[in-house]
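The values are calculated or read from the model by the stated rules, or taken from the named source; none is laboratory data. Quantities reported herein were computed from a predicted structural model and do not represent experimental measurements. Please note: Cβ atoms are built from the backbone with ideal geometry, for glycine as well, and neighbour counts cover all protein chains shown.
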Amino acid sequence: MHVEGLRVRRGGSEAIAGLDFDIPPGRVVGLLGPSGCGKTTLLRAIMGVQLVTAGTVTVLGRPAGAPELRHRIGYAAQTPSVYADLSVAENLRYFAAVLRAPRSDPERVITEVSLADQAHQEVGRLSGGQRTRVSLAIALLGSPELLVLDEPTVGLDPVLRQELWSLFTDLARRGVTLLVSSHVMDEAGRCDLLLLMRQGRLLATDSPDHLRRRTGVDDLEQVFLRLIEREGTGETTTAGMASAQPDCRHDSHENGE
């Protein structure tokens, strides 16, 4: 994925203020920042459904929103887009048919997101966290090459959050690229690469370990605060991004798998 000079204006103000970054394949990439910093707007631009003011977004070698990307990208929005009067399994069978995914996919993704016990329950009777998992399961249909997930762990208990992050890591090892937004800094350490946003700008694009070394602190929340301080003094926080990328790789990629 390549983003260059991206600007987005919404409601008369600049929601995205000139972003430039690259995301290598097969990584878990965390898009982190406080609510209202532009994370969802950026994700919408990557999906090709956001009107942009300037710049380019290239996804899997094609312009964002290109029709041929439809079956190569999975997307889960903050608000689950599912049918409340259908069961979990019925929702997944419907979306699998729309996406022309393998007939076995609904059963596979139900297991992957730990919804086997709720497979025949109406979605409208599920908890908020369970509905979020249904939305994630839909995004996993068809084995997409890129998963764009907007705060997928909101409302989930710690055990399920751990299970989902383990799933994200496993998908990345299979070559899937995941872009996961969150405003919870304790999830940052689970990522290979971090995009730290504030007020529509990128504070840094780097691996968690490199950010710790560059700021001299171990806690990633304190890393974020240190970067804000440096931004105020005009110090650069994105230098050396290219040299940081090799450290963001899973061992399977380093071994050529």
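Is it the case that segment 128-143 has a residue that's out of contact with any Pro (no Cβ under 8 Å at 6 or more places or on another chain), of a type in the set (A, V, I, L, M, F, W, C) and surrounded by fewer than 20 Cβ atoms within 10 Å (Cβ to Cβ)?
no
Restricted to segment 142-173, and to residues that are of a type outside the set (Asp, Glu) and assigned to a strand (DSSP E or B), which residue is farthest from Ser127 (Cα to Cα)?
Leu146
State yes or no: is Val148 among the hydrophobic types (A, V, I, L, M, F, W, C) and either at pLDDT below 95 or surrounded by fewer than 21 Cβ atoms within 10 Å (Cβ to Cβ) (or both)?
It is false that Val148 is among the hydrophobic types (A, V, I, L, M, F, W, C) and either at pLDDT below 95 or surrounded by fewer than 21 Cβ atoms within 10 Å (Cβ to Cβ) (or both).
Checking Val217 against (1) in contact with a strand residue (DSSP E or B) (Cβ under 7 Å, 6 or more places away or on another chain); (2) of a type in the set (Val, Ile, Thr); (3) over 19 Å from Arg131 (Cβ atoms), which single condition isn't satisfied?
(1)
Would you check which residues across segment 164-220 are among the aliphatic types (A, V, I, L, M), within 21 Å of Ser35 (Cβ to Cβ) and surrounded by fewer than 17 Cβ atoms within 10 Å (Cβ to Cβ) and list them?
Hit for segment 164-220 is Val184, nothing else.
If a residue has to be of a type in the set (S, T, N, Q), within 16 Å of Asn91 (Cα to Cα) and touching a strand residue (DSSP E or B) at 6+ places or on another chain (Cβ under 9 Å) to count, how many in segment 104-156 make the cut?
4
List pairs: first residue in segment 64-90 and over 28 Å from Gly175 (Cβ atoms), second residue part of a strand (DSSP E or B) anywhere in the structure, Cβ distance under 7 angstrom, at least six positions apart or on different chains.
Close Cβ pairs (under 7 Å, with a partner that is part of a strand (DSSP E or B)) amount to Ala84/Glu122; Asp85/Glu122; Leu86/Glu122; Ser87/Glu122.
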